[in-house]
1. Compute the acute angle (0 to 90°) between the alpha-carbon long axis of helix 134-146 and the principal axis of greatest extent of the alpha-carbon atoms of the chain; round to the nearest 10°.
2. For the range 434-521, just say rounded, prolate or oblate: build the C-alpha gyration tensor, square-root its eigenvalues into a ≥ b ≥ c, call rounded for a/c under 1.5, and beyond that prolate if a/b exceeds b/c, oblate if not.
3. For a quick check of your reading of the filter: which trypsin sites (Lys or Arg not before Pro) in the range 55-141 sit in a DSSP loop and have no more than 10 other Cβ atoms within 10 Å?
4. Could you work out how far helix 344-355 tilts from the main Cα principal axis of the chain, as a 0 to 90 degree angle to the nearest 10?
5. Based on other C-beta atoms within 10 Å, arrange LYS500, LYS169 from fewest to most.
6. One-quarter of the Cα convex hull surface for the range 376-579, in nm²?
7. Using Cα centres only, tell me the gap between the range 1-78 and the range 553-615 in whole Å.
8. When the expected Rg is taken as 2.2 N^0.38 Å, what fraction or multiple of it is the alpha-carbon Rg of the range 547-626?
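Here, each number is a calculation from the coordinates, and none is a lab measurement. Source: prediction; values computed, not measured. Neighbour counts are summed over all protein chains in view; Cβ atoms, including those assigned to glycine, are modelled from backbone coordinates with ideal geometry.
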Amino acid sequence: MRLVLSWLREFVDLDAPAEDIAEKLSIRGFEVASMEALDGGDAVIDFEITANRPDCLSVIGLAREIATTYSLPLRDREQTPSLASGRSDRLAIHLDDQELCPRYAGAVADVKIGPSPGWLTARLHAAGVRPISNIVDITNYVNLEIGQPMHAFDLAKLAGPEIRVRRAKRGESIVTLDDVERKLDPDMLVIADCDRAQAIAGVMGGAASEVSASSTVIVLESAYFKPSSVRRTSKRLGLKTEASARFERGADIGAQVRAIERAAALIAQIGAGRIAVPVVDCYPQPRGPVRIVLRRTRLGQLLGAQVPDGDVERILRALGLDVRANADGWETVAPTFRVDLLREADLIEEVGRHYGFDRLDATFPVATAPAPAPDPRIARDQVVRRVMTAAGASEAITFAFIEAKAAEPFASVLGGAMPVAVANPLSAKFDTLRPLLLPGLVDAVAHNRRHGRRDVRLFEIGTRFAPGGETRALGVAWTGNGAAEHWSGGARDVDFFDVKGVVERVCDALGVGVRCEPASQPFLVAGQTASIVVDDGPARGEAIGLIGQVSPAIADARGLPRHDRVFVVELNLDRLAAVRAPASDAARPIPRYPFVVRDVSIVVADSLPAEIIRGTIHGAARAVPSPLAAISFFDRYQGKGVPEGAVSLSIRLTFQSSERTLTDAEVQQSFETILGALVREHGAVQR
């Protein structure tokens with residue numbers, strides 16, 4: 001908002017320099033964009049106005065702030081006469097949509113179109129507005145002065161003396177004042193005559209009813225439009241105007257007739273014509289005032305200081321509020337132009353701004369309740385981050401919005417449901433919520449590969465979306481080397497077991513035992529895909545994630561080199577936390593008794609996963625029970641001496657008791673029980 005100081009002084013008797021005004025208002029929350037000195041000693045200050053203060057997109061709004069700051073009275077305009085309101089035989093107004101337009105005022109004026117006087121054009125120029133003609137200049141002048149946008153129609157170009165405020169018809173269009181034809185949606189509000197739309201409500205007028213040099217009778221409109229409706233229309237049409245900037249923030253619903261009265265005074269002042277009375281004011285359901293109670297104790301609690309009652313009342317009255325003291329504080333009525341004043345805290349902020357935050361002591365607020373415990377997910381995610389960075393991975397942060405084409409291959413995890421679509425996407429590339437973290441991570445890997453990095457290890461902790469709700473997950477993508485190059489051995493490519501080891505490390509850090517079971521997913525390579533399953537506790541057997549190699553078709557579609565093998569992981573962190581065993585602070589003593597190791601080699605079908613064999617051994621050991629302490633696979637052999645379609649596995653079984661030294665008979669009994677289970681369940685043959 002460009003504030004011309006000579007214009008300001010019509011409302012506040014102030015001789016302070018521009019620098020002093022700018023400094024004082026900046027302390028009160030108004031950022032200064034620039035200052036400019038004009039010819040003749042005048043000056044302009046350009047303020048950045050925040051979205052919650054539409055009242056300050058006007059000279060009088062900023063004048064009110066300055067008057068309060070300097071403890072000066074705000075000067076009233078004596079030259080603006082009141083105009084009678086009522087029914088007119090020259091103009092009829094119909095509000096077909098009172099939700100989007102609760103108030104609309106209009107008046108007919110007999111005018112003579114011509115250039116504006118020099119003082120008016122100079123003031124508009126200083127405010128950054130191009131003068132056009134006297135009537136149009138007056139509507140712009142009123143808009144800048146009191147913050148109420150106005151528009152003028154040529155009555156002769158309307159289909160009769162009737163204004164109808166309605167929603168656009170399906171397929172309707174309008175040529176706006178910038179000579180662009182714009183297609184209208186049925187939820188857009190328009191100002192129309194009995195035949196067609198003549199203006200886009202709150203945004204821009206139409207060229208068909210534009211005031212021109214031949215106009216002699218005009219209709220001045222001054223209305224209030226629902227902010228969200230104007231904001232939506234302006235965004236869809238890509239049309240930003242001085243009017244829409246004010247309406248979409250919230251105009252003053254009490255300023256419509258006052259704006260017409262000010263325009264009438266200016267028309268008379270420059271000799272451009274005369275307003276015909278009465279003014280037609282359609283306001284079917286007047287809004288009641290916003291009443292806010294301000295408590296003295298609450299004011300002191302939030303500001304941390306006791307502001308004198310006299311200062312509180314002076315500040316609030318200067319800002320336009322009606323104030324009445326009571327035993328506990330004050331009862332106030334907020335003016336209609338202060339759309340941001342809705343609750344007690346808003347009044348406390350106003351008092352603090354103008355009393356001076358620099359005058360408040362640095363005190364801590366009184367705590368009335370203990371601070372809430374931190375979200376347990378924060379500590380959990382920190383543990384996961386430490387594990388992943390220790391594994392050599394870098395954290396990535398990708399968009400939760402992806403394109404539908406990228407989400408489709410991963411939609412199989414939703415059980416046949418479609419990915420969640422975004423109702424109002426920023427673009428086609430962000431029209432879907434990700435069902436997994438993997439689409440973004442795969443794209444991030446492709447981006448790194450295109451920039452020359454071969455060894456790429458990325459992880460992300462984020463939210464994924466399904467029709468049934470949101471879940472927090474860990475995603476991992478790894479391509480390139482499985483281990484850092486070293487002089488003692490050559491480099492090798494990452495494989496399934498490298499990534500599986502990372503999964504086990506994460507789950508171990510979270511206190512959950514897991515195993516891998518063969519699985520299939522259309523976006524992963526067959527035979528290189530597994531489900532991550534809980535291996536202990538009440539949730540034993542529950543799938544909490546997946547691991548595998550990205551299929552070549554997906555890799556190619558996302559721009560990865562054809563020879564690259566990308567392994568990925570997706571873990572449901574919310575379920576991991578839910579099945580996690582309670583942490584125990586008890587220390588486990590070092591075993592006092594010796595252990596016994598037995599090695600066994602068995603021949604089984606080469607399609608049998610080692611994880612199933614491990615599960616069979618554990619199951620047999622629990623059934624006895626057996627003093628089995630550990631299992632490890634130390635050799636795998638296929639070739640001479642082993643039938644085709646079979647594999648020889650060498651397994652090391654460690655037995656140990658925490659209570660006594662085991663006897664050979666006990667170890668042998670456990671060993672035979674386990675071997676019998678392998679023979680019975682998998683047809684194993686001992687070598």
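1. Approximately 60 degrees, to the nearest 10.
2. Here the range 434-521 falls in the oblate category.
3. ARG87
4. That helix lies at roughly 70 degrees to the long axis.
5. Working: LYS500 19, LYS169 13.
So the residues, fewest neighbours to most, are LYS169, LYS500.
6. 12.1
7. 68
8. Ratio of Rg to 2.2 N^0.38 Å for the range 547-626: 1.81.
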